[in-house]
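Enquirer: Quick one: this structure, given as structure tokens, is what I'll be asking you about.
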Amino acid sequence: MAGVLDAASAVLVAAEVGSCHRLCCAFSGGADSVVLLDVLGALRPHFNYRLEAAHVHHGLNPAADEWQDFCAEFCERRNIPLHVFRVEVSRDHPGGPEEAARIARHAALFSVECDWLVLGHHRDDQAETVLFRLLRGAGVQGAAAMAAIEPTQSIQRTGLLRPLLETGREEILAYARERKLGWVIDDSNADARFARNDLRHRILPAIEARYPAARQTLARAASHFREAAGLLDELAQMDTAAAACESGEGEHKAFNRASLLNLSSARLANLFRWELRRLGAKPPATVRLAEILRQLRSVPGPLCLPLGDCVCHSRRGRVWLVLEKRD
């Protein structure tokens, strides 16, 4: 049990959490979030932060009302304020019900005013995320998966903390048993029709039969990818500073087209990806980004090119990106 507490405490120390901070724990009632909230409660006297929790009721499972009641009782016994959100999940979302539920959940959680939104992701989740993203063709940024500390950014008002990210699932369950904690069980987590569940219950165990330390090594690989992604971000910032025009194009940052085209294709693509993340845009399709760069190099005249949920403009020797308005 001490190992779980020490690991979580180290993350809070690294994030410089203190008495002026308000923490909100994403609380589903599952084992991971139960242990996380118990750990945060145990550490609260030491750090003196304000602690609350948020539960999202998706209405997709017949037991959802019981889960909400469990969470309310758990928090009441510990004198932890609980926010409850009832959300509607689109049944015809192109990404499927799993993606629709994730979007609705995140919207609810990020509506809570706090300094840090605290999530219960652990080392096994990290391994699954790395493998899942690699199988979908992710680059270095995607393969870096999750970070224990994600500070507030311009596109994200609330920082993210994952105090259990270096802790394995078995350690979390051992903590729960030692503390005699109860939790709810979501039977949909065993449904192999969902890609993440199939990875968790079939593919990763098959890999571990040959490579027993697969989850640990995948999680370690994520830290290596994150280090490389950080270096790419530093390079993008340097290239951005060198290519930026003194004045933008209206309210948008503009780049000198000739300076951009002096960069190699890899560095130019890296700059575009970094700028798109800064704007809060979704990662661009590799093929589409390559086509944008090709046209910038080969078409001398004005350009107006869609790039995911952004538009790339080029005119009068300048290039700038505009995030399209969303409903």
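The values are calculated or read from the model by the stated rules, or taken from the named source; none is laboratory data. In this text, all values refer to a predicted model and were calculated from it rather than measured experimentally. So basically every Cβ, Gly included, is an ideal-geometry build from the backbone, and we count neighbours across all protein chains shown. The protein model used for the area step is the full one, side chains on, heavy atoms only, and it has no ligands, DNA or RNA in it. Shrake-Rupley method; radii C 1.70, N 1.55, O 1.52, S 1.80 Å.
Enquirer: Quick one: which residues, 5+ away or cross-chain, put their amide H under 5 Å from the amide H of Trp183? H built at 1.01 Å from N.
Expert: Those qualifying (amide H under 5 Å, at least 5 residues apart or on another chain) number zero.
Enquirer: If you take every residue apart from Glu178 with its C-beta less than 11 Å away from the C-beta of Glu178, what net charge results, scoring Lys and Arg +1 and Asp and Glu -1? Numbers along the way, then the final one.
Expert: On the way: positive: Arg177, Arg179, Lys180; negative: Asp38, Glu171.
So the surrounding residues net to +1.
Enquirer: So if we plug the beta-carbon distance of Cys20 and Ala42 into 1/(1 + (r/R0)^6) with R0 = 30 Å, what FRET efficiency do we get, rounded to 0.05? Intermediate values should be presented prior to the final figure.
Expert: Numbers: r = 20 Å, r/R0 = 0.68.
Efficiency, from the Cβ-Cβ distance: 0.90.
Enquirer: List the residues whose amide H sits under 5 Å from the amide H of Leu307, counting only those 5 or more places along or on another chain, with H placed 1.01 Å from N in the peptide plane.
Expert: Close amide H contacts, sequence-distant or interchain: Cys312.
Enquirer: Within the range 193-237, name every residue whose backbone N is under 14 Å away from a label modeled 7 Å from Cα of Ala107 along the Cβ vector.
Expert: Under cut-off, by backbone N: nothing.
Enquirer: Which whole-Hz ³J(HN,Hα) couplings does the range 8-25 yield from phi under the Karplus relation 6.51 cos²θ - 1.76 cosθ + 1.60, θ = phi - 60°, glycine and proline marked x?
Expert: 5, 4, 4, 5, 5, 5, 4, 7, 6, 6, x, 5, 8, 9, 10, 9, 10, 8
Enquirer: Helix 96-109 versus the longest principal axis of the chain: what is the Cα-based angle in degrees, 0 to 90, to the nearest 10?
Expert: Roughly 80 degrees between the two axes.
Enquirer: A further question follows. Post the alpha-carbon centroid distance, the range 191-229 to the range 46-91, in whole angstrom.
Expert: 29
Enquirer: Projected onto the charge dipole of the range 56-151 (+1 at Lys/Arg Cβ, -1 at Asp/Glu Cβ, origin at the Cα centre), which of Val130, Val84, Ala104 gives the Cα projection farthest towards the positive end?
Expert: The Cα lying farthest towards the positive end belongs to Val130.
Enquirer: If you don't mind, another one. Which angle from 0 to 90°, rounded to the nearest 10, does the C-alpha axis of helix 214-243 make with the longest principal axis of the chain?
Expert: Helix 214-243 sits roughly 30 degrees off the main axis of the chain.
Enquirer: How do 212-218, 38-44 rank on mean C-beta neighbours within 10 Å, highest first? The partial results should precede the final answer.
Expert: On the way: 212-218: 15.7, 38-44: 19.3.
Going by the mean number of other Cβ atoms within 10 Å, highest first, we get 38-44, 212-218.
Enquirer: Also, I was wondering about something else. Compute the acute angle (0 to 90°) between the alpha-carbon long axis of helix 123-135 and the principal axis of greatest extent of the alpha-carbon atoms of the chain; round to the nearest 10°.
Expert: So the inclination is approximately 30 degrees.
Enquirer: Oh, and also: Quick one: net charge of Gln68's neighbours, Cβ under 15 Å, K/R +1, D/E -1? Could you put the intermediate results ahead of the total?
Expert: Working: positive: Arg86, Arg105; negative: Asp65, Glu66, Asp69, Glu73, Glu76, Asp186.
Result for the neighbourhood of Gln68: -4.
Enquirer: Work from the charge dipole of the chain (Cβ charges, +1 for Lys and Arg, -1 for Asp and Glu, about the Cα centre) and give the residue of Gly230, Ser19, Trp183 farthest towards its positive end.
Expert: Going by the charge dipole, the pick is Gly230.
Enquirer: About its Cα centre, what dipole magnitude does the chain give when the only charges are +1 on Lys and Arg Cβ and -1 on Asp and Glu Cβ, stated in debye to the nearest 20? Present the calculation step by step, with values, prior to reporting the outcome.
Expert: Details: 41 positive and 41 negative charges, 235 e Å.
Charge dipole of the chain: 1140 debye, to the nearest 20.
Enquirer: Something else about it: With n ≥ 4 as the cut-off for DSSP H runs, can you work out [θ] at 222 nm for the chain, using -39500 (n - 2.57) per run divided by the number of residues, rounded to the nearest 500? Write out the running numbers ahead of the final one.
Expert: Values: 13 runs with 159 residues, N = 327.
Computed mean residue ellipticity for the chain: -15000 deg cm²/dmol.
Enquirer: Right, another one. Could you work out how much longer the chain between Leu303 and Leu60 gets when fully extended? Use 0.36 nm per residue separation minus the Cα distance between them, nm to one decimal. Spell out each step's value before the answer.
Expert: Values: separation 243, 0.36 × 243 = 87.48 nm, distance 4.56 nm.
This chain segment gains 82.9 nm when fully extended.
Enquirer: Among (1) 18.8; (2) 15.9; (3) 22.6, find the value of mean projected area of the Cα convex hull in nm² that was calculated from the structure presented, and write down its label.
Expert: (1)
Enquirer: Asp69 to Gln237: extension gain in nm, 0.36 nm per residue of separation minus the Cα-Cα distance?
Expert: Full-extension gain reported as 55.7 nm.
Enquirer: Put +1 on the Cβ of every Lys and Arg and -1 on every Asp and Glu Cβ in the range 172-304; which of Asn256, Ile203, Leu296 then has its Cα farthest towards the positive end of the dipole?
Expert: With unit charges placed on the Cβ atoms, the residue in question is Ile203.
Enquirer: Now for a separate question. Could you give each residue of the range 71-80 its phi-based ³J(HN,Hα) in whole Hz, using Karplus coefficients 6.51, -1.76, 1.60 with θ = phi - 60°, and x for Gly or Pro?
Expert: Here the 3J(HN,Hα) series is 5, 4, 5, 4, 6, 5, 5, 9, 6, 10 Hz.
Enquirer: Then there's this: For Thr217 and Thr286 in the same chain, what is the full-extension length gain: residue separation times 0.36 nm, less their Cα-Cα distance, in nm? Before the final figure, lay out the partial values.
Expert: Numbers: separation 69, 0.36 × 69 = 24.84 nm, distance 2.74 nm.
Taking 0.36 nm per residue and subtracting the Cα distance, the gain is 22.1 nm.
Enquirer: Using modelled backbone amide H atoms (1.01 Å from N, in-plane), which distant-in-sequence or interchain residues come within less than 5 Å of Gly59's amide H?
Expert: none
Enquirer: So, for the chain, what is the accessible surface per residue at a probe of 1.4 Å, expressed in square angstrom?
Expert: Working: 17570 Å² over 327 residues.
On a per-residue basis, the chain sits at 54 Å².
Enquirer: At R0 = 30 Å, how high is the FRET efficiency between Ala228 and Thr152 if r is their beta carbon distance? Nearest 0.05 is fine. Walk me through the intermediate numbers first.
Expert: Working: r = 24 Å, r/R0 = 0.79.
Efficiency, rounded to the nearest 0.05: 0.80.
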